[in-house]
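Notes to accompany the following structure.
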Amino acid sequence: MISRALTIKGWMTPDELTWLAGQAKTHEKIAEVGSWLGRSTAAIADNTQGIVFAIDTWMGSSETDFDPGFKAGGPEWLFGQFMENAADNVTPIRMESVEAAAYLARKKHLFDMIFIDGAHDMESVKADIEAWRPLLKEGGLFCGHDYCWPDTPTTEVKKAVDQYFLVDTASSIWIMRAEK
């Protein structure tokens, strides 16, 4: 279920990957915002009968600049690594999150699952929520990563998400329950 995902470098725990894989089984048109090397993308793509749109710039960030491969090869190396890890049912969209949401909205795409794991500052998370929430089909799953961490219970992500939703979470994955 997540064996391939576990071979890909990333920050998602096995429990989080298992949760994503379980959700992917019941969804067919999925958007993942923030894909990095494709660890969570693999957990989702390997467990859906549908398609996964992976949205990322693959330009790195202050959180990823420490990676020796990224420092040596830059964005083209990073995107190449992602593509090596991507399954056939993954469509990469190489854009900023908000720009990609606008592009997909113009194409009339609606998703039954949207997973947000892009930039982690409060303003970026708010922008992602506002850009992507209108692209969710009625009854769809809207969720994201990094809601809280054991050593940092109040993250920028948590502050932003709490402004919009009541949240169900048993880990660092947030799940929209109801709008505020």
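Data for the structure
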{"quantity": "Members of the stretch 1-52 that are surrounded by 20 or more Cβ atoms within 10 Å (Cβ to Cβ), among the charged types (D, E, K, R) and closer than 15 Å to G140 by Cα", "calculated": "E32"}
{"quantity": "Single unsatisfied condition, E138 versus (1) part of a strand (DSSP E or B); (2) exposed (fewer than 11 other Cβ atoms within 10 Å of the Cβ); (3) at pLDDT below 85", "calculated": "(3)"}
{"quantity": "Unique match (being of a type in the set (A, V, I, L, M), at pLDDT 90 or above and under 27 Å from I2 (Cβ atoms)) among V98, V125, V157", "calculated": "V125"}
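The values are calculated or read from the model by the stated rules, or taken from the named source; none is laboratory data. Every value quoted in this text rests on a predicted model; they were computed, and no experiment measured them. Please note: Cβ atoms are built from the backbone with ideal geometry, for glycine as well, and neighbour counts cover all protein chains shown.
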